[in-house]
Amino acid sequence: MEEENKLKAELERTKEDLEDLETYTEEFSAFLPLAACSVNPLGVVVSVNAAFEKVIGTSALDSTGKRIEEFFVETNAIKQLLAELQKSEKFSENIQATLLSKNYGKRTVKVSASTRSDREGQFIGFFVGINDITELKDLQDRLEDKVDEQTRDLMLRAEELEKSRGEIMHVLSKIEEERNKTFSLVMNLSDGLIYTDPSGTISIINPQAEVILRVSHKEVLGTNVFDGDSTPEFQKLSSNISKDSGLEREIIEFSEDLMIEVSTITIRNENGEVVGRVIVMHDITKERALDTLKVEFISVAAHQMRTPLAAIKWAFELILASDEEKIAPELKKIAESGFESTNRILKIVNNFLDVDAVESVNMDYVFGPVNVSKVIEDVFLGIEITARERKVELVFSNEGEMLPFVQADQERLSMVFQNLIENALKYTIKEGTLTVQAHVQENSLLLSIADEGIGIPETEQQNIFSKFFRAENAKKTETDGNGLGLYTTKRIVEKHGGKIWFESKEGEGTTFFFTIPLYNKQ
Ligand code: ADP
């Protein structure tokens, strides 16, 4: 009896425990975030949890009693899932399906199920769990789209890269081709050529430059061109080239039979920064020899012509000086024109002789103190009448001032002033002012001769000191001229240790400047 009571009490407790467990399961299922429902063996929903109600969008009352597959688009797949589960497994696989939700429309979900059994292990239905993966799916789809898009983008970029790689390779091979062309051009140039960086370090020297300087590229590459001393020729080049930027031309006499015209060109990039320097050495020995021959020939001819010309001039003078009545007016006219022409030819002949005097090897310059004011005034005196006729005002800004003496050969210095002042007058076609000015500048006297004449065209300015050169506008304005005056003038100024240059604007005027060292008493 006691035994029976004990058993009863035990049963009672177990029942209570079981009820507790059921309540617990219900509560648990109510809180479960996963939508779940229990379905009877016929597939009819018997209970649902809160999450199920929410996702389906109908109350538990409306949901229960319906067939589970009615909640989905894929009715057959759901039916099959349960049928197969009932046959063999306790838990099903997850399958993807489309849930028809009243609240949210079609939702993508994962459906899983397990079988339910009673205490004796008898099959009493299913639990069906629904996991809403719409957001996840969307996210995944978006991610996939993004990945697709980026893949396409990458492919496109890879294609572009490949294309530009091809283009770069093409450009590189073109550059290489150009480089080779330039290199072989430089190497085969008949002129000597040196290329340096901005500081003067030699990076290229061609074979002709090696011959001229009597050096080997092995010893000079990487050394500085401004302090080369490996051979006397190289030393001469180093001490004569200028570090200034721009274009410099210098004639260097390496030996009696080697005359080189050296041009130094500064190379700049598009921002104006110096990136290198090219030194070109052009052998002018032959040209020089030819020039000397020409001058010699001309000077011999001029010398021979001078005496007969002087005689002709004298004859005309004689005719003109005779009594007015003795000569017919027509004859006088002819004599006057003959006299003028002879004078012109004599001037040309004298000009040739001036060049000869300047260029002859034994240039017997006699240096001494020279009063520049006097020289200028004398030249002015000689051209006064012509200037008045042409309405050109002659101005010597330092008139009356005591200018220091210069160290010069008086006759040659007169030639310089004469050439420059006569040119200034000759190339002033309208009326204007011709101004000569002098300034002391350190140990020299700086002189300037300014005119308001035709000017020198910019494109021709670099040739103005060359022998026989005449600018186009000058040829049109003044037929008389041989292009020897400025050449001679430059040679004389340089022989005095001075420099000569000019500033000019076509149609506005020209100013020539030159310096002559001051006379030093000691
Ligand atoms: P030319 O006998 O032709 O005057 P020069 O050697 O004296 O020869 O001058 C050379 C050239 O320089 C002239 O032909 C002319 O083109 C130019 N020139 C010289 N001086 C002037 C100047 N003051 N104004 C304009 N052009 C000048």
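The values are calculated or read from the model by the stated rules, or taken from the named source; none is laboratory data. Just so it is clear, the structure is predicted and the values come from calculations on it, not from any experiment. Positions of Cβ are generated from backbone atoms using ideal geometry, with glycine treated the same way; all protein chains shown enter the neighbour counts.
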Close pairs (8 angstrom Cβ cut-off, 6 or more residues apart or separate chains): among the polar types (S, T, N, Q) in region 412-425, more than 10 Å from the ligand (Cβ to nearest atom) and in a helix (DSSP H, G or I) anywhere:
Ser414/Val375; Ser414/Asp378; Ser414/Val379; Gln418/Val379; Gln418/Gly382
Residues within region 417-440 that are within 11 Å of the ligand (Cβ to nearest atom), surrounded by 22 or more Cβ atoms within 10 Å (Cβ to Cβ) and either among the aliphatic types (A, V, I, L, M) or within 17 Å of Leu381 (Cβ to Cβ) (or both), tallied
5
Considering every residue within region 262-278, establish whether at least one is over 24 Å from the mean Cα position of the chain (by Cα) and of a type in the set (Lys, Arg).
no
Which of the residues spanning region 121-160 are surrounded by 12 or more Cβ atoms within 10 Å (Cβ to Cβ), assigned to a helix (DSSP H, G or I) and of a type in the set (S, T, N, Q)?
Thr134, Gln140
Whichever residue in region 441-481 is acidic (Asp, Glu) and surrounded by fewer than 13 Cβ atoms within 10 Å (Cβ to Cβ) and, among such residues, is nearest to Val406 (Cα to Cα)
Glu442
Look through region 446-469, keep the residues that are in contact with a helix residue (DSSP H, G or I) (Cβ under 6 Å, 6 or more places away or on another chain), touching a residue at least 40 places away in the same chain (Cβ under 8 Å) and within 8 Å of the ligand (Cβ to nearest atom), and return whichever of them is farthest from Phe417 (Cα to Cα).
Ile454
Keeping to region 207-236, report how many residues are within 15 Å of Gly276 (Cβ to Cβ) and surrounded by 15 or more Cβ atoms within 10 Å (Cβ to Cβ).
2
Anything in region 471-499 that is more than 7 Å from the ligand (Cβ to nearest atom), of a type outside the set (D, E, K, R) and under 13 Å from Met415 (Cβ atoms)? List them, or say none.
Thr488, Thr489, Ile492, Val493, His496
Counting only helices (runs of 4 or more DSSP H) entirely within region 1-73, those with at least 1 residues that are more than 60 Å from the chain's Cα centre (by Cα) and at pLDDT below 75 are 2-31
Within region 451-490, which residues are aliphatic (A, V, I, L, M) and under 38 Å from the mean Cα position of the chain (by Cα)?
Ile454, Ile456, Ile464, Ala471, Ala474, Leu486
If we scan region 111-120, do we find a residue that is in a loop (DSSP other than H, G, I, E, B) and touching a Lys or Arg at 6+ places or on another chain (Cβ under 7 Å)?
no
Right, Thr511: more than 8 Å from the ligand (Cβ to nearest atom) and either more than 24 Å from Ile251 (Cβ to Cβ) or not in a strand (DSSP E or B) (or both) or not?
yes
